[in-house]
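K.L.:
First, the structure itself, so that you have it in front of you.
The values are calculated or read from the model by the stated rules, or taken from the named source; none is laboratory data. Quantities reported herein were computed from a predicted structural model and do not represent experimental measurements. With ideal geometry, Cβ positions are generated from the backbone for all residues, glycine too; neighbour counts draw on all protein chains shown. These area figures cover heavy atoms from the full protein model, side chains too; ligands, DNA and RNA do not enter into them. Shrake-Rupley method; radii C 1.70, N 1.55, O 1.52, S 1.80 Å.
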Amino acid sequence: MNEAERLRLQLVLNRIQALSDEHWHAFTGPLRAMGDHAWVGGASAKRFERELERSDRELHAQLRKALELVQAELRRPPL
């Protein structure tokens, strides 16, 4: 990997980290509200809560994966 590629990857990494920092807690408020019973109970509320929890886990997993992939690429020795 040449210096220009390394610089581009570092910029990508910085952008992914900024997006992660900005969006990591996107579902925190709604999940907290669900925990505080802000929604009327029932089957639809439970499904919504499960979907929020699944979306929160998936968001975190995808943000971590994106960071790890770019970091691994930056750690690769030059050819």
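K.L.:
Step by step: first the residues of region 26-45, then only those that are part of a loop (DSSP other than H, G, I, E, B) and closer than 19 Å to H60 by Cβ, then the one that is nearest to the chain's Cα centre (by Cα). Which residue is that?
P.N.:
Restricting to residues being part of a loop (DSSP other than H, G, I, E, B) and closer than 19 Å to H60 by Cβ, the top hit is A26.
K.L.:
Would you please name the residue that is least open to solvent (accessible area, probe 1.4 Å), looking only at residues in region 32-45 that are over 27 Å from S20 (Cα atoms) and modelled with pLDDT of 80 or more?
P.N.:
Looking at residues that are over 27 Å from S20 (Cα atoms) and modelled with pLDDT of 80 or more, I get A45.
K.L.:
Would you check if Q71 is surrounded by fewer than 14 Cβ atoms within 10 Å (Cβ to Cβ), in contact with a helix residue (DSSP H, G or I) (Cβ under 7 Å, 6 or more places away or on another chain), polar (S, T, N, Q) and closer than 30 Å to Q10 by Cα? Outline the logic, then answer.
P.N.:
Values: surrounded by fewer than 14 Cβ atoms within 10 Å (Cβ to Cβ): yes; in contact with a helix residue (DSSP H, G or I) (Cβ under 7 Å, 6 or more places away or on another chain): yes; polar (S, T, N, Q): yes; closer than 30 Å to Q10 by Cα: yes.
Considered against the rule, which asks whether it is surrounded by fewer than 14 Cβ atoms within 10 Å (Cβ to Cβ), in contact with a helix residue (DSSP H, G or I) (Cβ under 7 Å, 6 or more places away or on another chain), polar (S, T, N, Q) and closer than 30 Å to Q10 by Cα, Q71 comes out as yes.
K.L.:
List the pairs whose first member sits in region 65-76 and is within 16 Å of N2 (Cα to Cα), whose second member is hydroxyl-bearing (S, T, Y), and whose Cβ atoms are under 9 Å apart, counting only residues at least 6 apart or on separate chains?
P.N.:
none
K.L.:
Further question on the same structure: If a residue must be without any contact (Cβ under 8 Å) to a residue 24 or more places away in the chain and either more than 11 Å from the chain's Cα centre (by Cα) or open to solvent by less than 80 Å² (accessible area, probe 1.4 Å) (or both), how many such residues does region 4-25 contain? I'd like the intermediate steps shown before the answer.
P.N.:
Filtering region 4-25 down to residues without any contact (Cβ under 8 Å) to a residue 24 or more places away in the chain leaves 4-5, 7-8, 11, 14-15, 18, 21-22, 25.
Now drop any that are not either more than 11 Å from the chain's Cα centre (by Cα) or open to solvent by less than 80 Å² (accessible area, probe 1.4 Å) (or both), which leaves 4-5, 7-8, 11, 14-15, 18.
Residues that pass the stated criteria total 8.
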